[in-house]
Amino acid sequence: MAHSEHNRPKGSGMILIVIGIFIFIFAPNYFKNDIIGGMAIIILGFAVGGFGFYISFLKKKK
């Protein structure tokens, strides 16, 4: 189709990057006593942000 690029949703990767940043910044304040839970949430923040980065920037280069 000629307009398939026009109909794709845009900006979904940037939302995931922002969510990952918020998780990474605010999670350690809530998990000060639980080291394992805090590290798991920080890793989740990296994963969500990394997936958003992949969708926003790396997937478009193909």
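Taking 0.36 nm per residue of sequence separation and removing the Cα-Cα distance, the L44/S12 pair yields an extension gain of 9.8 nm.
You can think of it this way: the chain between D34 and F57 has 4.8 nm of extra reach, that is 0.36 nm per residue less the Cα-Cα gap.
Highest average first, the peptides 25-36, 45-56 ordered by how many other beta carbon atoms sit within 10 Å of their residues are 45-56, 25-36.
Where a number appears in this text, it was derived from the coordinates with a stated rule and is not lab data. Predicted, not measured: the structure shown is a model, and the values here were computed from it. All Cβ positions, even for glycine, are placed from backbone atoms using ideal geometry, and neighbour counts span all protein chains on display.
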